[in-house]
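Chemist: What follows is a single structure, and I will ask about it in a moment.
Nothing in this text is a laboratory measurement; each read-out follows from the coordinates by a stated rule. Bear in mind the structure is a predicted one, so any value in this text is a computation, not a measurement. Every residue, glycine among them, receives a Cβ derived from its backbone with ideal geometry; neighbour counts consider all protein chains shown.
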Amino acid sequence: MIKSNHISHKIFLLLILLSLWLPALYPQAVPTSEPFNVLIVNSYHMGHKWETHVMEGFARSVENYKNPNVNIKVEYLDFRNRNDAEYLSTFKQLLEAKYPKGTIDVIYTIDDEAYEVLYPEVLNEESAFHNIPLFFSGVNQLEEGTPIPSPSITGIYQRDVTLQLLHFIFEIDDTITQINVVTENSNYGLDLITQVKELIHTYWRDDVAINLIQSDYIEDIQAQLAALPADTNDIVILGGEFQHRHTGIFLEPHETVSLITSAKNVPIYSNDQTYLTTPIVGGCIDIGQEQGRSVFLMMQMLMEGTPIEAIPSRLSPNPRWIVNYTSIYDHDINVLNIPQQSIVINKKFYQLLIPTHVKNILRIFIVIGLSALIITIFLMCKHFRASKKARQELQNKVNHEKLRTDFIINLSHELRTPINVILTALSLLKNELAAHQDLTRRKIIDTQLDNINKNTYRLLKLSNNIVDSTKLEAGKLTLNKENWNIVEVVEDIFTCIVDFAHQKEIHVIFDTEEEEILCAIDKELIQRVILNLLSNAIKFTPKGGQIHGYIRQDMETVTIEITDTGIGIPEDKLSHIFYRFYQIDNSLTRVNEGSGIGLCIVKDIITLHDGDIRVESQLEKGSRFIISLPNILSDKERQKGYLSCIETAVNVEMSDVIK
Ligand code: ADP
């Protein structure tokens, strides 16, 4: 316990010693809060584009730096206005007067001419700037390895941007035959021209013609370009800034490019950041802001205590290969040749960097696709509208049909009430008449009353038929199926109509294979079917004829046949007789009367029973109606009781049979 305490004391002491001793070994870069004055010298005038980008990068780094006392003074050499010995010596005097010894901590020359003017001052013992640390950038002659004239001078070596620019251009199009180098009258311009000339013939083909077009004035440039021989495959390499000859006003980069294009419309490439915002094809660009930032990083070392001699010059940041999306297509450049590492500018997120022909195919596909989509939407809308209309029409029809059905059913019901009153009154009158003394008069009145009775039944039959057929058509008639002995049901009807048949001297026979066939039927409705078929048979069979009923069963079917020896039905009419209101003879002079509804009701009732009815007939020989009903039993318990009295039903059905 004691021992461990001792050790921890020792470690603690060691740590304190280390913390005091280490900063002495490696002097910590503590930012000074002393003012630090930077004199930036720019070869051009205020606003000259590339230099402005450099100063912007430098100033932003200063803003972000922790020492707020870094002061920047900027002086413009503006050599393009004047550039002779007298002017330069006056400029130096002016600087010395403005910034006496001790007021400037560091000089930064942004580009060529400024460096040329200032570095001799650093070397000159007489100068106010003697031995003041100088940082340079943008000096074309200072490439990597070039000896620096003083240890107080350091900076950013230029990379061989022109070589990279030519690489870039020839990768995009190696069939170029003529290069027009358009540049200003400056060291930069001169360098550009010299390098292009040298590099082309060293690294590329000898047959590429190079035209040098150098002037500060756009008018000269345009004239020289227009005078060039037309070549199908030439380009412009553009660098520098230009002015109007008469006004001296400097052109905006856009204006420069548009005037050059109007003189010679060929792809323009550049290594000048100024032209990035214009419709040139692209180029290899030294990003000014990056240069400014790099110089500041080196200057920061100085501010933080590293002596200038210990800050080695370094290479400028790598230039970027940049292509302008819109211009590539304007000049029909094959996008497959564009170097992979290129940055594509002016490309919207939905645009694709693909060859023009692929783009055209894609466009066709898009147009076809869109057209198909529009047509589909149009057809769908049309279909939707049509089906909506059809649904509406159907609904209207259904509504209308319902109204009609309800009206007919109501009307027939309304008819039934007075008919029933008439029938009751008739029956009373008949009873009264029975007590009458005068036999002759009684007979006359009785005959008339029978007549009224029969016609009232006919009205009732018509009314019943209309109600039932309307209900069947509207699906309002439901079956009440029970197990009945169908032989008994059918035979009972036969028995009931015998008297009517005899009045027409028609012989009726009913025959069956079995006495009892139990089958699930709606008894009332099957009675109506048999009655209807028998009334037709009596109606259409002449005197002395015969009606034969026959019933049999097999495993699946119960078959009822009603055969007569009547007038028969023409073969071409056989399929029509089950239609509503259909009558073979519908002339006003026809012998038999009826509404043409009966067989339609018969067919509907049999269909409701899942059965079938068909007819066989021969003209003048007779007809046979064959009913097939499924031979099945119902689970439903039949209500006890015997066959109901069907006398009225028979009278009603037979009302239009016997005259
Ligand atoms: P109607 O009330 O006119 O008898 P139906 O629907 O019962 O109506 O019969 C339709 C038509 O079928 C009849 O008008 C008649 O022309 C023909 N028809 C029906 N049954 C027979 C039959 N047994 N013999 C000849 N024709 C018949």
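Chemist: For a protection proxy built on the mean count of beta-carbon atoms within 10 angstrom, sort 370-379, 40-49, 506-515 highest first, please.
Modeler: 40-49, 506-515, 370-379
Chemist: A further question on this structure: Tell me which residues come under 5 Å, amide H to amide H, from Tyr217 once H is placed; ignore anything under 5 positions away on its chain.
Modeler: Close amide H contacts, sequence-distant or interchain: Gln243.
Chemist: Ok, one more. Using amide H atoms built 1.01 Å from N in the peptide plane, name the residues 5+ places from Ile517, or on other chains, whose amide H lies under 5 Å from its own.
Modeler: HN-HN under 5 Å from Ile517: Ile486, Val487, Glu488.
Chemist: For the residue pair Lys73 and Glu34, what label-to-label distance in nm results when each label sits 7 Å from Cα along the Cα-to-beta-carbon direction?
Modeler: 1.7 nm
Chemist: To continue, here is another question. Can you say what percent of the DSSP beta bridges in segment 227-338, counting only those with both residues inside, are antiparallel? Round to 5.
Modeler: Restricted to segment 227-338, the bridges split so that about 50 percent are antiparallel.
Chemist: With point charges of +1 on the Cβ of Lys and Arg and -1 on the Cβ of Asp and Glu, referenced to the Cα centre of segment 42-176, which listed residue (Ile104, Asn140, Asn81) lies farthest in the positive direction of the dipole?
Modeler: So the residue we want is Ile104.
Chemist: Given Val529, Leu459, Thr541, which one lies farthest toward the positive end of the charge dipole of segment 437-551, if we put +1 on the Cβ of every Lys and Arg and -1 on the Cβ of every Asp and Glu?
Modeler: The one lying farthest along the dipole's positive direction is Leu459.
Chemist: Only counting other Cβ atoms within 10 Å, I'd like Lys454, Lys264 sorted with the fewest neighbours first.
Modeler: Lys454, Lys264
Chemist: Take Ser262 and Asp174, extend 7 Å from each Cα along the Cα→Cβ direction, and tell me the distance between the two endpoints in nm.
Modeler: Output for this residue pair reads 3.8 nm.
Chemist: What FRET efficiency comes out for Glu515 versus Ser595 if R0 is 51 angstrom and r is the Cβ-Cβ distance? Round to the nearest 0.05.
Modeler: Between Glu515 and Ser595 the formula returns 0.90.
Chemist: Using +1 at the Cβ of each Lys and Arg and -1 at the Cβ of each Asp and Glu in segment 56-207, identify which of Tyr119, Tyr157, Ala59 lies farthest towards the dipole's positive end.
Modeler: Ala59
Chemist: Which value, in debye to the nearest 20, gives the size of the charge dipole of the chain about its Cα centre, when Lys and Arg are +1 and Asp and Glu are -1 at the Cβ? Please report the intermediate quantities before stating the final value.
Modeler: Values: 59 positive and 84 negative charges, 715 e Å.
Roughly 3440 debye for the chain.
Chemist: Okay, moving on. Per residue of segment 127-144, what does 6.51 cos²θ - 1.76 cosθ + 1.60 with θ = phi - 60° give for ³J(HN,Hα)? Whole Hz please, x for Gly and Pro, Karplus curve as stated.
Modeler: 6, 5, 9, 4, 6, 6, x, 10, 10, 10, 8, x, 9, 5, 6, 8, 9, 3
Chemist: Rounded, prolate or oblate: which fits segment 446-521 when a ≥ b ≥ c are the square roots of the eigenvalues of the alpha-carbon gyration tensor, with rounded for a/c under 1.5 and prolate only if a/b beats b/c?
Modeler: Since a/c reaches 1.5 but b/c is at least a/b, the shape of segment 446-521 is classed as oblate.
Chemist: Could you give me the ³J(HN,Hα) list for segment 171-183, computed from phi with Karplus coefficients 6.51, -1.76, 1.60 and θ = phi - 60°, whole Hz, x at Gly and Pro?
Modeler: Each residue of segment 171-183 in turn: 5, 6, 8, 8, 9, 4, 10, 8, 10, 9, 8, 10, 8 Hz.
Chemist: Something else: Take peptides 107-116, 422-431 and line them up by average Cβ neighbours within 10 Å, highest first, as a rough protection proxy.
Modeler: Highest mean packing first, the order is 107-116, 422-431.
Chemist: With +1 on the Cβ of every Lys and Arg and -1 on the Cβ of every Asp and Glu, and nothing else charged, how large is the dipole of segment 295-408 about its Cα centre, in debye rounded to the nearest 20? Can you show the working numbers first?
Modeler: Details: 14 positive and 7 negative charges, 218 e Å.
Charge dipole, segment 295-408, about its Cα centre: 1040 debye, nearest 20.
Chemist: Please order Lys523, Lys636 by the number of other Cβ within 10 Å, starting at the fewest.
Modeler: Values: Lys523 20, Lys636 11.
Lowest count first: Lys636, Lys523.
Chemist: Could I ask something else about it? Defining a contact as two alpha carbons under 8 Å apart and six or more residues distant in sequence, what relative contact order in percent does segment 446-538 show?
Modeler: About 34 percent, as a whole number.
Chemist: Under the definition of Cα pairs under 8 Å and six or more residues apart, what whole-number percent is the relative contact order of segment 228-286?
Modeler: Reported relative contact order: 34 percent.
Chemist: Still on this model: Normalised by the residues of the chain, what does the relative contact order come to in percent, with Cα pairs under 8 Å and at least six apart? Don't jump to the answer; show the numbers that get you there.
Modeler: Numbers: 983 pairs, mean separation 60.4, N = 659.
In percent, rounded to a whole number, it is 9.
Chemist: May I pose another question? Taking a ≥ b ≥ c as the square roots of the Cα gyration tensor eigenvalues, with a/c under 1.5 meaning rounded and otherwise prolate when a/b beats b/c, else oblate, which class fits segment 376-530?
Modeler: Details: a/c = 3.77, a/b = 1.71, b/c = 2.20.
Oblate shape, in that a/c is at least 1.5 and b/c is the bigger or equal ratio.
Chemist: With +1 assigned to the C-beta of every Lys and Arg and -1 to the C-beta of every Asp and Glu, and no other charges, what is the dipole magnitude of segment 425-497 about the Cα centre in debye, to the nearest 20? Write down the numbers at each step before the final one.
Modeler: Details: 10 positive and 10 negative charges, 74 e Å.
Using only the charged Cβ atoms, the result is roughly 360 debye.
Chemist: Which cross-chain or sequence-distant (5 or more) residues have an amide H under 5 Å from the amide H of Ser617, H modelled 1.01 Å from N in plane?
Modeler: Residues meeting the amide H criterion: Arg624.
Chemist: Counting only DSSP beta bridges with both residues in the chain, tell me the antiparallel percent, nearest 5.
Modeler: 40 percent
Chemist: Applying the Karplus parametrisation 6.51 cos²θ - 1.76 cosθ + 1.60 with θ = phi - 60° to the phi angles of segment 161-169, what ³J(HN,Hα) value in whole Hz is obtained for each residue in order, glycine and proline being reported as x?
Modeler: 5, 5, 4, 5, 4, 5, 3, 4, 4
Chemist: Taking the Cα atoms only, what angle lies between the long axis of helix 218-227 and the longest principal axis of the chain, rounded to 10 degrees?
Modeler: For helix 218-227, the angle is close to 70 degrees.
Chemist: As a footprinting exposure proxy, order Val657, Val182 by other Cβ within 10 Å, with the fewest listed first. Write down the numbers at each step before the final one.
Modeler: Numbers: Val657 22, Val182 29.
Lowest to highest Cβ neighbour count: Val657, Val182.
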